[in-house]
Amino acid sequence: MSWDFSTEPEFEAKLAWMRDVVRTELLPLESLLDELDMDAIDRALAPLKAQVKEQGLWAAHLEPEHGGQGYGQVKLGLMHEILGTCTLAPAAFGCAAPDSGNSEILALVGTPEQKKRWLEPLLAGEIRSAFSMTEPDSAGSDPTLLVTRAVQDGDEWVINGHKWYSSNASVADFLIVMAVTDPDAVSHARATMFIVPADTLGVRILRDVGSMDDPSARFGRYGNHAEIRYEDVRVPADAVLGGVGHAFVIAQHRLGPGRIHHAMRWLGQAQRAFDMMCERATYRYAHGSLLAEKQTIQNWIADSAAEMQAARLMTLHAAWVMDTQGASAARTDIAMIKYFGAKVLHDVIDRSLQAHGSLGYSSDLPLEAMYRWARAARIYDGPDEVHRQSVARQVLKRYEAPRDGVPSEHVPTRRAVAHEMYAHLLATDS
Ligand SMILES: Cc1cc2nc3c(=O)[nH]c(=O)nc-3n(C[C@H](O)[C@H](O)[C@H](O)COP(=O)(O)OP(=O)(O)OC[C@H]3O[C@@H](n4cnc5c(N)ncnc54)[C@H](O)[C@@H]3O)c2cc1C
């Protein structure tokens, strides 16, 4: 079987344009993030967003009828590798999480009315959204355990529950809330997604949770993660997104491509850290030589280069399988890149930070912030351990216990068989 990750020259030209914009406009803006409020960032991004639209690169993850390009996952992956180098880039290109995943769900299963009311302004960048699934009191790694309830009452649903880590919820105009609608159904049919306008009575956004990324999160900042109580929140029947009991199936649709985009963005981040490490090696002098001449640093550079290459090929392969054979054929590949990519990201940034010593630990370089972000990648989109378990299960399906309890490669057993098979040779030899 041949694999083909190539793209045509016209698309390569678009990638080159993206690289240039990220380097010359977005990275300088990123350095001002702590000094600018959201309005100022929006104003700074507005002209750039217009250029992105002119280039036909806005919200490229969607099909053409929703303003996207209908690019397959390989092309989207290559784009996300560039966007991953700068925290602001996904927003400038209309594909920042969680809006990108939410727009995918709306495009996939939204009714025409839901698309008009929520998807169109979301794609136009006029409103923001959040995805509200994880709960403090149930294991997010096993969403079949969700406890937030939605109960039908006439033409309405009434939602009660406690969520947290709903990214961007404190600045969102609407939330996609996952709630149990049939506790007695089989585990994967218990929950439903609802579109809940953020100003609905009973939606209580308690706080933005301080985190490793931002220990003293200021309320209402883009990129924060909110804790929310839903108290007798009433929504009409047409707030159901994609059918009652369908939340898990829809969530899988949302997460598959999203994980490829994440993994490629992580590679963009890892490359940035790698470039810093290599640059440092060329000028930092200690104990009689440059860092570049020390074997440990050489090992870090060589191992990082090999690991990034492996992660890149694995991710492009997963994207190619998705493009050519569909999402379910790519399931194991996608689970693999989640934990492999998150570890590569973490390890490359960690080595780069170490190679920079106190400068790496300081906020004079972006490495310390990148390191904190990288740590989260092992948790969100399903903790790495869950993906490892899923891959191991898929792999183990191809194996069975030996019928006689003897390992297939047991040498004495094989030798006994060989003695019979090749008795004529052995007889001649002796
Ligand atoms: C930066 C960030 C952004 C996020 N954004 C959102 C968002 O927008 N919306 C949203 O709903 N949620 C969001 N989350 C939450 C995220 O999806 C959950 O944290 C994640 O699913 C894990 O759930 P949990 O935190 O409840 O951990 P738990 O489910 O309690 O798991 C804790 C740990 O248990 C271990 N574990 C669990 N299962 C297994 C297993 N099968 N085998 C071995 N070990 C296991 C793992 O080490 C795991 O890390 C975000 C999280 C982060 C960090």
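The values are calculated or read from the model by the stated rules, or taken from the named source; none is laboratory data. Quick caveat: nothing in here was measured; it's all calculated off a predicted structure. Here the Cβ positions follow ideal geometry from the backbone for every residue, glycine too, while neighbour counts run over all protein chains shown.
Structure above, values below:
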{"read-out": "Residues of segment 389-430 that turn out to be closer than 30 Å to Ala330 by Cβ, surrounded by 10 or more Cβ atoms within 10 Å (Cβ to Cβ) and among the polar types (S, T, N, Q), as a count", "value": "3"}
{"read-out": "Enumeration of residues in segment 207-244 that are at positive phi and either of a type in the set (S, T, N, Q) or in a loop (DSSP other than H, G, I, E, B) (or both)", "value": "Gly220, Gly223, Gly242, Gly243"}
{"read-out": "Residue under evaluation Arg398, criteria (1) within 16 Å of the ligand (Cβ to nearest atom); (2) over 20 Å from Met264 (Cα atoms); (3) among the basic types (Lys, Arg), criterion not met", "value": "(1)"}
{"read-out": "Selection from segment 174-191 of residues that are in contact with a helix residue (DSSP H, G or I) (Cβ under 8 Å, 6 or more places away or on another chain) and not hydrophobic (A, V, I, L, M, F, W, C)", "value": "Asp182, Ser187, His188, Arg190"}
{"read-out": "Count - residues of segment 254-288 that are within 30 Å of Gly72 (Cα to Cα) and among the small types (Gly, Ala, Ser)", "value": "6"}
{"read-out": "Contacts under 9 angstrom Cβ, first residue in segment 125-154 being farther than 23 Å from Asp173 by Cα and in contact (Cβ under 8 Å) with a residue 40 or more places away in the chain, partner within 10 Å of the ligand (Cβ to nearest atom) and in a strand (DSSP E or B), 6 or more apart", "value": "Pro143/Met178; Leu146/Met178"}
{"read-out": "Residue count for segment 3-56, restricted to those that are loosely packed, with under 13 Cβ neighbours inside 10 Å, farther than 30 Å from Trp320 by Cβ and of a type in the set (D, E, K, R)", "value": "5"}
{"read-out": "Top-ranked residue of segment 370-380 - restricted to ones that are within 16 Å of Val344 (Cβ to Cβ) and assigned to a helix (DSSP H, G or I), ranked as nearest to the ligand (Cβ to nearest atom)", "value": "Ala376"}
{"read-out": "Elements of type helices (runs of 4 or more DSSP H) contained in segment 1-70, each with 3 or more residues being of a type in the set (A, V, I, L, M) and on the phi < 0 side of the Ramachandran plot", "value": "9-21, 38-54"}
{"read-out": "Number of the condition not met by Ile176 [criteria: (1) assigned to a helix (DSSP H, G or I); (2) buried (at least 17 other Cβ atoms within 10 Å of the Cβ); (3) not aromatic (Phe, Trp, Tyr)]", "value": "(1)"}
{"read-out": "Condition met for Ser187 (more than 30 Å from Gln69 (Cβ to Cβ) and surrounded by fewer than 15 Cβ atoms within 10 Å (Cβ to Cβ))", "value": "yes"}
{"read-out": "Qualifying residue in segment 176-185 (condition: within 8 Å of the ligand (Cβ to nearest atom) and under 23 Å from Leu45 (Cβ atoms))", "value": "no"}
{"read-out": "Any hit, segment 246-254, residues being modelled with pLDDT of 95 or more and not in a helix (DSSP H, G or I)", "value": "yes"}
{"read-out": "Residue ID - nearest to Gly140 (Cα to Cα), chosen from residues in segment 386-395 that are within 8 Å of the ligand (Cβ to nearest atom) and in contact (Cβ under 8 Å) with a residue 40 or more places away in the chain", "value": "Val386"}
{"read-out": "Check on Trp118, within 12 Å of the ligand (Cβ to nearest atom) and among the hydrophobic types (A, V, I, L, M, F, W, C)", "value": "no"}
{"read-out": "Residue in segment 345-357 that is part of a helix (DSSP H, G or I), within 30 Å of Glu63 (Cβ to Cβ) and within 16 Å of the ligand (Cβ to nearest atom) present", "value": "yes"}
{"read-out": "Check on Pro383, more than 10 Å from the ligand (Cβ to nearest atom), assigned by TED's automatic domain parsing to the domain that holds Ala342, under 30 Å from Leu88 (Cβ atoms) and in contact (Cβ under 8 Å) with a residue 12 or more places away in the chain", "value": "no"}
{"read-out": "Members of segment 214-273 found to be surrounded by fewer than 16 Cβ atoms within 10 Å (Cβ to Cβ) and of a type in the set (Phe, Trp, Tyr), listed by number", "value": "Phe219"}
{"read-out": "Filtered residue count, segment 268-309, keeping only those that are outside any helix (DSSP H, G or I) and not small (Gly, Ala, Ser)", "value": "5"}
{"read-out": "Top-ranked residue of segment 129-172 - restricted to ones that are β-branched (Val, Ile, Thr) and within 18 Å of Ser187 (Cα to Cα), ranked as farthest from the ligand (Cβ to nearest atom)", "value": "Val151"}
